[in-house]
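J.: Got a structure here, written out as structure tokens. Questions coming.
The values are calculated or read from the model by the stated rules, or taken from the named source; none is laboratory data. As the structure is a prediction and not an experimental result, all values here were calculated from the model. So basically every Cβ, Gly included, is an ideal-geometry build from the backbone, and we count neighbours across all protein chains shown.
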Amino acid sequence: MAETIITNNISREVPTAAISKKKVWYKSEMTRKVLISTLGVAILSLITWFFFFHPYINTDDARVAMTIVRVAPSGVSGRIEKVNVEEGSIVKKGDVLVELDHRISQAQVDRAQSKLDLTRKELGRLEGLVRQNSAPQRDLDNARSNFTLAQAELTLAQVALENTFLKAPFDGIVVQKIAEVGNILENGQTAVSVADRAHAWVNANIEETEVSHIKPGQPVTISVDEGGKLIGKVSEVRAATAGQFALIPSDNASGNFVKVVQRIPIKIILDNPLETLKSGQSVTVKIKVR
């Protein structure tokens, strides 16, 4: 089947199929252009939204942190008599974790107490004699000095005895145990380490190109790899990059320089830390900035 087409007063027949094909091709081209334009606008809108209206900043460069105290004897040393905890033990503030041999310290307390009792009696005796004018004031002054000195010696002995009992500084969990019964523990040598899990926080590193959007008080959602989510808020944006505290800082004095996006540490405090959190554990944080 064909259609008659008049061009420049000249009639010619063109197959209908060719005309239909030309119309379909034209329609397909228009549709393609519309789709490409629409897709371009959508991509541009998405990029604009992401860079100017994206309400969250995410990073998985984040770790749980806790206050960890190394419990060690102060001013004393001795053989370990007893260890009352293991790694993972839950402790309360004041719990005795490790006991040193305290026989010498106890003997020093007993001796200081006896000396104090003697000086107290001597002081009382001389006070009576001075009132009766039977002893010089100088002797009474010396007795008072001896009594004060004996009090100080007893206090020091009691402190030394107390220090042979190594106690938990706060409620927490034992994360390291070094002490073993029979070992000698020197002054200042770590026996156990205790972590304050109830006041854990998160240290997150944010790229310097994004950190300007982060302010203290912004809400944060923390995802733990082992499962579970935590709620917190930005507490502090640090004033130095993480690289400033490296053991070997970078040196570009040679003239070779490749710009690397630096990361700024921020501190995130947690509303209700999980009891299963571990110091140094990796987490993912999502900060709401708008």
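J.: Would you be able to tell me the number of residues in the stretch 154-179 that are among the charged types (D, E, K, R), farther than 30 Å from residue 114 by Cβ and part of a strand (DSSP E or B)? Let's see the steps before the verdict.
T.: So in the stretch 154-179, the residues among the charged types (D, E, K, R) come out as 162, 167, 171, 177.
Then drop every residue that is not farther than 30 Å from residue 114 by Cβ, which leaves 171, 177.
Still in the running and part of a strand (DSSP E or B): 177.
Of the residues in that region, 1 qualify.
J.: Another one. Please give the number of the condition residue 16 fails out of (1) surrounded by 11 or more Cβ atoms within 10 Å (Cβ to Cβ); (2) under 30 Å from residue 265 (Cα atoms); (3) at pLDDT below 80; (4) not aromatic (Phe, Trp, Tyr).
T.: The number of the failed condition is (2).
J.: Shifting gears a bit: What is the residue count in the stretch 207-224 for residues that are among the small types (Gly, Ala, Ser) and under 17 Å from residue 261 (Cα atoms)?
T.: Result for the stretch 207-224: 1.
J.: Failed condition for residue 126, given (1) outside any strand (DSSP E or B); (2) farther than 30 Å from residue 110 by Cβ; (3) of a type outside the set (Asp, Glu), with all others met?
T.: (2)
J.: Within the stretch 112-126, track down each residue that is farther than 18 Å from residue 139 by Cα and either surrounded by 13 or more Cβ atoms within 10 Å (Cβ to Cβ) or touching a Leu at 6+ places or on another chain (Cβ under 7 Å) (or both).
T.: 112, 113
J.: What do you reckon, is residue 57 modelled with pLDDT under 95 and in contact with an Asp or Glu (Cβ under 8 Å, 6 or more places away or on another chain)? Show your work before the answer.
T.: Working: modelled with pLDDT under 95: yes; in contact with an Asp or Glu (Cβ under 8 Å, 6 or more places away or on another chain): yes.
In short, yes.
J.: Which condition from (1) touching a residue at least 12 places away in the same chain (Cβ under 8 Å); (2) hydroxyl-bearing (Ser, Thr, Tyr); (3) in a loop (DSSP other than H, G, I, E, B) is the one that residue 119 breaks?
T.: Looking at each condition in turn, residue 119 falls short on (3).
J.: Right, something else. Going by the conditions given, is residue 142 in a loop (DSSP other than H, G, I, E, B), of a type outside the set (Phe, Trp, Tyr) and closer than 25 Å to residue 111 by Cβ? Steps first, answer last, please.
T.: Working: in a loop (DSSP other than H, G, I, E, B): no; of a type outside the set (Phe, Trp, Tyr): yes; closer than 25 Å to residue 111 by Cβ: yes.
Taking the combined requirement at face value, the residue does not satisfy it.
J.: Still on this structure, please answer the following. Before we move on, is residue 63 outside any helix (DSSP H, G or I), charged (D, E, K, R), closer than 30 Å to residue 203 by Cβ and touching a Gly at 6+ places or on another chain (Cβ under 8 Å)? Lay out the reasoning, then the answer.
T.: Numbers: outside any helix (DSSP H, G or I): yes; charged (D, E, K, R): yes; closer than 30 Å to residue 203 by Cβ: yes; touching a Gly at 6+ places or on another chain (Cβ under 8 Å): yes.
Yes, satisfied.
J.: In this structure, does residue 135 turn out to be more than 24 Å from the chain's Cα centre (by Cα) and buried (at least 18 other Cβ atoms within 10 Å of the Cβ)? Let's see the steps before the verdict.
T.: Working: more than 24 Å from the chain's Cα centre (by Cα): yes; buried (at least 18 other Cβ atoms within 10 Å of the Cβ): no.
No; evaluated as a whole, the condition is false for this residue.
J.: Output the residues belonging to the stretch 91-111 that are crowded, with 16+ Cβ neighbours inside 10 Å, assigned to a strand (DSSP E or B) and not charged (D, E, K, R).
T.: Result: 91, 97, 98, 100.
J.: Quick check, is residue 181 surrounded by fewer than 16 Cβ atoms within 10 Å (Cβ to Cβ) and modelled with pLDDT of 95 or more?
T.: Working: surrounded by fewer than 16 Cβ atoms within 10 Å (Cβ to Cβ): yes; modelled with pLDDT of 95 or more: yes.
Spelling it out, residue 181 is indeed surrounded by fewer than 16 Cβ atoms within 10 Å (Cβ to Cβ) and modelled with pLDDT of 95 or more.
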